[in-house]
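Comments concern the structure below.
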Amino acid sequence: MLKGFKDFLMRGNVVDLAVAVVIGTAFGAVVAAFATDFVGGLIGAIGGTPDFGNAGVTINDSKVVYGSTINALVNFVIVAAVVYFIVVVPMRKMMSLRKGAADADTPAPSDEAVLLTEIRDLLQEQRRSL
């Protein structure tokens, strides 16, 4: 039983996932600090209140707080934008360049290779019809 557990932990997927969680946590802390300090400062300079955490309305001596939801939404939008522009866009560009380089490295098939492929396909089609 312990050997199976050890094998499970040593599989590449589990180790990769653990590394991704650690890096994601660190990246989340950086983005949260950016959202709070930089973007919060900009919002404070424009709107006057950089932190909406205590924003809410009072109804019948009960305060309904919606500010923390606004803070979470702002943080989510910032995280999504950072991930898109810092990770997704460069990865797409890199993959398209890599794909273009791979296509450029692969020579076009010769006329003989195209003819042999057509003959092979015709022979396979004749075998199926028999």
Self-check item: Filter result (modelled with pLDDT under 80, among the polar types (S, T, N, Q) and part of a helix (DSSP H, G or I)) within segment 18-50
Solution: Thr36
Quiz item: Can you tell me which residues in segment 8-17 are in a helix (DSSP H, G or I), of a type outside the set (Phe, Trp, Tyr) and surrounded by 10 or more Cβ atoms within 10 Å (Cβ to Cβ)?
Solution: Leu9, Val14, Val15, Asp16, Leu17
Practice problem: Would you tally the residues in segment 55-97 being at pLDDT below 80, of a type outside the set (A, V, I, L, M, F, W, C) and closer than 15 Å to Phe27 by Cα? | Solution: 1
Quiz item: Taking segment 53-80, which residues are over 32 Å from the mean Cα position of the chain (by Cα) and in a strand (DSSP E or B)?
Solution: Gly56, Val57, Thr58, Ile59, Ser62, Lys63, Val64
Exercise. Residues being closer than 29 Å to Gly24 by Cα and among the aliphatic types (A, V, I, L, M): count how many of those fall in segment 98-115.
Key: 0
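The values are calculated or read from the model by the stated rules, or taken from the named source; none is laboratory data. Here the structure is a predicted model, which means the values were calculated and not measured. Every residue, glycine among them, receives a Cβ derived from its backbone with ideal geometry; neighbour counts consider all protein chains shown.
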